[in-house]
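The values are calculated or read from the model by the stated rules, or taken from the named source; none is laboratory data. A quick note: this is a predicted structure, and the numbers were derived from the prediction, not measured. Positions of Cβ are backbone-derived with ideal geometry, glycine not excepted, and every protein chain shown enters the neighbour counts. Surface accessibility is based on the protein's heavy atoms, side chains included, excluding ligands, DNA and RNA. Shrake-Rupley method; radii C 1.70, N 1.55, O 1.52, S 1.80 Å.
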Amino acid sequence: MNQIAQKKHLMVIDPAIVKPAIESFNRIASVAPYPVTYHLPALYGTNSLNMFNKNVRGIIVMGSAASVNDDNKWQRDISDIVINASANCIPVLGLCYGHQLIGHIYGGKVEPLWSGEKKQGKRTVRIKKNDIWGKQTSGPLLYSHQDGVTKVPPGFEIIADSDLVSTDAIASKSEPVWGFQTHPEATQAFVDNHNLPVKDAKESFRFGHSLLDKFIFSLK
């Protein structure tokens, strides 16, 4: 464990409060060409975050059934780590809850999008040209959420939208911070655990994983 902590690694933070996204983490770890650490702060506390918060080359914050507007200590701890990392030019990618957390802690606004009910499924997300994901592209991504970023934080811009959500991805203009409202990390376990009404998610997996892998391989 100490040997991993001494190496530059990717910190994957899973804020799950019910079912951890273990299969998604395993896929990330299997493709990353460097060590990857896994942290479950809502379920098991933040000691592991503190233990491994050195030599971090990048951070991924995944989804959660929690709300970023809650005021739990583990949420404050994650926020501190994200802010400190980005200030030191360590890339941060937020997915669903992680995306909303970025919107929240950098001064944006996160609220229910559809009268409070959760919506799930697959939607086509249009991504603008950018340094990590390259030329303008679009593809199907899986989603399961009720909140969203309704006000983009100062110093951020929208880099993706869809017919359902206008702020489907955001990026900082000055720091290496990005957020996707959808779940590019999703695997079949995610579909099964969330009972997503999607008959065939293979195309979504391919597109989502290609986006996530570009972030993984962009880390130095």
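For the stretch 1-145, the share of accessible area belonging to carbon and sulfur comes to 48 percent (1.4 Å probe, ligands and nucleic acids excluded).
As a quick test, which of the pairs LYS151/LYS214; LYS128/LYS202; LYS109/LYS214; LYS7/LYS199 have an alpha carbon distance above 31 angstrom in this structure? Before the final figure, lay out each step's value.
Numbers: LYS151/LYS214 27 Å; LYS128/LYS202 23 Å; LYS109/LYS214 28 Å; LYS7/LYS199 41 Å.
LYS7/LYS199, as the Cα separations exceed 31 Å there.
Dipole size of the chain about its Cα centre, with +1 on Lys/Arg Cβ and -1 on Asp/Glu Cβ: approximately 560 debye, rounded to the nearest 20.
Among ASP168, ASP14, ASP70, the residue with the largest mean-square fluctuation in a Gaussian network model of the chain, with springs joining Cα atoms closer than 10 Å, is ASP70. Charged neighbours of GLY155, selected by a Cβ distance under 14 Å, balance to 0 (K, R count +1; D, E count -1). Taking the dipole about the Cα centre of the stretch 55-139, with the C-beta of Lys and Arg at +1 and of Asp and Glu at -1, give me whichever of ASN130, GLY107, ALA65 is farthest to the positive side. Of the listed residues, the answer is ASN130. Of the chymotrypsin sites (Phe, Trp or Tyr not before Pro) in the stretch 57-123, the ones in a loop by DSSP (not H, G, I, E or B) with at most 13 other beta carbons within 10 Å are TRP114. Where only DSSP H runs of four or more residues are counted, the chain gives -9500 deg cm²/dmol as its mean residue ellipticity at 222 nm, each run worth -39500 (n - 2.57).
Based on the alpha-carbon gyration tensor of the chain and its eigenvalue square roots a ≥ b ≥ c, which shape applies: rounded if a/c is under 1.5, prolate if not and a/b is larger than b/c, or oblate?
Details: a/c = 1.28, a/b = 1.25, b/c = 1.03.
Here the chain falls in the rounded category.
Average accessible surface for the chain: 47 Å² per residue, computed with a 1.4 Å probe over protein heavy atoms with every protein chain in place. Annotation: amide H of VAL177 within the under-5 Å range of VAL92, SER172, sequence separation 5 or more or interchain, hydrogens built in the peptide plane.
Under 20 Å between alpha carbons, and skipping anything fewer than 8 positions from LYS73 in its own chain: which aspartates and glutamates qualify? Qualifying aspartates and glutamates at Cα under 20 Å: ASP14.
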